[in-house]
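To start, the structure itself, in structure tokens.
The values are calculated or read from the model by the stated rules, or taken from the named source; none is laboratory data. What you see is a predicted model; the values in this text were computed from it and never measured. As a convention, Cβ positions derive from the backbone with ideal geometry for all residues, glycine included, and neighbour counts pool all protein chains shown.
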């Protein structure tokens with residue numbers, strides 16, 4: 001299997017879905033993504049940005065965007081924190097597993113996503 005690469009010459013649209021929980025931190029991931037895509041020849045206007053409440057909402061939104069046929073790729077970004085309030089490992093595993101199910105069931109856009117547990121002071 002070959003790695004997925006986006007064809008910047010055709011400026012296929014990309015969707016970026018981000019959680020608003022810890023938005024100030026996740027915004028940094030969005031800015032980093034924009035910078036990396038610029039290295040591949042994309043401009044910010046080639047990317048549609050969507051915000052959802054938290055990590056749990058990303059897989060459903062990604063599924064709807066992938067099924068729309070408008071996007072060559074759908075990216076999800078979230079920060080799942082080990083704050084002692086809930087089982088962060090369960091949340092991260094559930095979100096990543098759901099994104100894998102979207103990827104497996106999708107025949108159009110490629111779906112990428114990650115939700116990493118992190119401990120913040």
Identify, by number, the condition in (1) modelled with pLDDT under 90; (2) assigned to a helix (DSSP H, G or I); (3) buried (at least 18 other Cβ atoms within 10 Å of the Cβ) that residue 94 doesn't meet. (3)
Residue check, residue 15 outside any helix (DSSP H, G or I) and either at pLDDT 90 or above or touching a helix residue (DSSP H, G or I) at 6+ places or on another chain (Cβ under 8 Å) (or both): yes
From the list 107, 70, which residue is farther than 22 Å from residue 25 by Cα and either at pLDDT below 75 or assigned to a strand (DSSP E or B) (or both)? 107
State all residues of segment 43-64 that are part of a helix (DSSP H, G or I) and without any contact (Cβ under 8 Å) to a residue 60 or more places away in the chain; if no residue qualifies, say none. 44, 45, 46, 56, 57, 58, 59, 60, 61, 62, 63, 64
Any idea which residue in segment 29-40 is farthest from the chain's Cα centre (by Cα), counting only those that are farther than 17 Å from residue 61 by Cα and surrounded by 13 or more Cβ atoms within 10 Å (Cβ to Cβ)? 38
Any chance residue 22 is on the phi > 0 side of the Ramachandran plot and in contact with a strand residue (DSSP E or B) (Cβ under 7 Å, 6 or more places away or on another chain): yes
